[in-house]
Amino acid sequence: MTSVPAPTLPDGRLVTDADVALAYATDASLGSAAPDNFLVVRARDRDDVVAVLEHAQAHRIPVVPQGARTSLCGAAGALQDGIVLNVESLKSVEVIADEKYAVVGPGVINADLKKAVAEYGLAYPPDPASGPMSTIGGNIATNAGGLCCVKYGVTGDYVKGLEVVLPGGEIIHTGHRTAKGVTGLDLTGVFVGSEGQLGVVTEALVRLVPASDPPLTVLATFGSLEAVAAALVRLRAERHGPNLIEVLDRTSLQAVQAMDDFGFPEDAEAVLLVQSDRSGHTQEDVARYAELLTQAGADEVAVADDAQEADALMAGRRALALAVEKMGPHFIEDVCVPVSKLGDLIARSRALCEERGVQILLSGHGGDGNLHPCLFFSDEPGRERAEEAFGLIVETALSMGGTVTGEHGVGSLKRQWLPQELGDAEMARQRAVRAVFDPHGIMNPGRPY
Ligand SMILES: Cc1cc2nc3c(=O)[nH]c(=O)nc-3n(C[C@H](O)[C@H](O)[C@H](O)COP(=O)(O)OP(=O)(O)OC[C@H]3O[C@@H](n4cnc5c(N)ncnc54)[C@H](O)[C@@H]3O)c2cc1C
């Protein structure tokens, strides 16, 4: 039974069943656990959000805005004595095809938005691997990346404007509905990636682009990580570069193949999956990428030149998260370095784990220099060693001019490294910006500020 004071809301919004509430208490990050005392509200519309934020500010109750709880950095689980404000039911989609944007509720699942706009011959490019589960609100709050960022950029590149409810209940609008518009400071950009710490997104205007051709895929098999690194740099230098460059090491390939036969070689040191979706030119592009990959030192290069084969390979890539889950308890890293340094980061991450007897699986968005090393453990001493290696990988990335997170966010799990990356003056400036919107610090406190 919760003792958090409840806001006044229409029937059906407050979750009164303790077992149902528990389902909203944790996210997908390692160690996420339900606190003793919290309240869950499932908002059905903007008025519910306003009512909760008026109430929470008046009573100084912490609020966790929540989408699908796929956060990997500990940003979306319940807080002690706080309110979880879940907005998954805000699912409206209106496509303004002539103007190439859509007005979207925060609870719309990324993959559903893609389907909805495809009917108009349009595309919404941001594609986190969690796309079949995660929400647009969560994607915006984390500035989610994904597989196609190397060509299309990240979520923030597609957010034209937002409706946000601030703590206290004020509703604000940012951005423009016009194709261009430069009045005022870019507050949309301030909310994108703010990890639920400034307000609750209740509507988003997202930019759409013409749909491209179905992609063709090249699979290149490598015997050395140095050759992978060389290939990445060459692919990035291409005039008509790929829309996707994913790297998977041998452990990743074996994990995926253990689930089903997705067509991956299990004995390679690593593979690169490379795609072109350039309208009218996919075949020409993949032939060129195949040539480049061979020159860069690939042992074998195979072109999946029909959509079915290409889909099977991508299904394998997307199955990786589940394959990793099946391998047991682990940390998922998310560091990003200049692309030219990715090979070095891979080698140093491996060495750090080997020295500590920690099993590591390496995969990531190679074209962005964004690596997701997974570090496994089976007991408490193993966990401590994995944690130590995890910290050293983050510091190695920072020493290479990288960042502690390329896309998953900082949340509670990575806040310890924030001062090292930003410095004291920048931390103070960011806290000051936060206070403009959330003067009492009730929005998702500690994640990370
Ligand atoms: C299998 C798997 C694969 C993943 N792959 C990727 C990937 O490729 N790229 C990537 O970037 N991430 C990835 N992630 C991480 C995660 O999916 C993303 O961070 C995603 O954007 C979170 O969306 P969500 O709806 O689950 O949000 P939640 O996890 O519920 O919340 C995430 C953050 O957003 C805030 N938030 C949610 N909704 C709102 C709102 N309406 N207003 C204000 N704040 C809000 C929360 O407070 C929290 O801080 C992956 C996760 C998993 C489990």
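Projected onto planes of every orientation and averaged, the convex hull of the alpha-carbon atoms in the chain covers 21.4 nm².
Residue 199 sits among other residues whose Cβ lies under 15 Å from its own Cβ, and their net charge, with Lys and Arg +1 and Asp and Glu -1, is -4.
Annotation: per residue accessible area for the stretch 93-210 equals 39 Å², rounded to a whole number [probe 1.4 Å, protein chains only]. Need the C-alpha centroid separation for the stretch 170-189 versus the stretch 135-153, integer Å. Spelled out, the Cα-based centre of one part sits 20 Å from the other. Computed from backbone phi with θ = phi - 60° and the Karplus coefficients 6.51, -1.76 and 1.60, the 3J(HN,Hα) list for the stretch 169-182 is x, 5, 9, 10, 10, 10, x, 9, 8, 6, 5, 10, x, 10 Hz; x is used for glycine and proline. Pairs to check: 160/414; 341/414; 151/180; 151/341; 114/160. Give those whose C-alpha atoms are more than 26 Å from each other in this structure. With Cα atoms farther than 26 Å apart: 160/414. Inverting the pair-averaged 1/r between distinct Cα atoms of the stretch 18-86 gives 12.1 Å as its Kirkwood hydrodynamic radius. Could you check which residue among 207, 429, 356 shows the biggest mean-square fluctuation in a GNM of the chain with a 10 Å Cα cutoff? In this elastic network of the chain, the residue with the biggest mean-square fluctuation among 207, 429, 356 is 429. Scanning residues 5 or more positions from residue 101 or on other chains, those with amide H under 5 Å from its amide H are 96, 208, with H placed 1.01 Å from N in the peptide plane. Computed over protein heavy atoms with a 1.4 Å probe, the carbon and sulfur contribution to the accessible area of the stretch 215-336 reaches 48%. Surface composition of the stretch 18-86: carbon and sulfur atoms hold 46% of the protein heavy-atom accessible area at a 1.4 Å probe. Largest GNM mean-square fluctuation across 37, 243, 86, computed for the chain with C-alpha springs under 10 Å, falls on 37. For trypsin sites (Lys or Arg not before Pro), the sites in the stretch 19-83 that DSSP calls loop and that have at most 15 other Cβ atoms within 10 Å are 60.
Over all other residues within a Cβ to Cβ distance under 11 Å of residue 355, the charged ones net out to +2, with Lys and Arg as +1 and Asp and Glu as -1.
Here the gap between residue 326 and residue 430, fully extended at 0.36 nm per residue and compared with their Cα-Cα distance, gives a gain of 33.6 nm. Annotation: amide H-H contacts under 5 Å for residue 202 (H modelled 1.01 Å from N, sequence separation of 5 or more, or interchain): 163, 164, 165.
Annotation: amide H-H contacts under 5 Å for residue 217 (H modelled 1.01 Å from N, sequence separation of 5 or more, or interchain): 304. Residue by residue, the stretch 66-78 carries 3J(HN,Hα) couplings of 9, x, 8, 6, 8, 3, 9, 10, x, 10, 10, x, 5 Hz when phi is fed to the Karplus relation 6.51 cos²θ - 1.76 cosθ + 1.60 (θ = phi - 60°); x denotes Gly or Pro.
The values are calculated or read from the model by the stated rules, or taken from the named source; none is laboratory data. Given the structure is predicted, the values throughout are model-derived calculations rather than measurements. Because the Cβ atoms are built from the backbone with ideal geometry, glycine has one as well, and the counts that use them run over all protein chains shown. Side chains included, ligands, DNA and RNA excluded: accessible areas come from the protein's heavy atoms. Shrake-Rupley method; radii C 1.70, N 1.55, O 1.52, S 1.80 Å.
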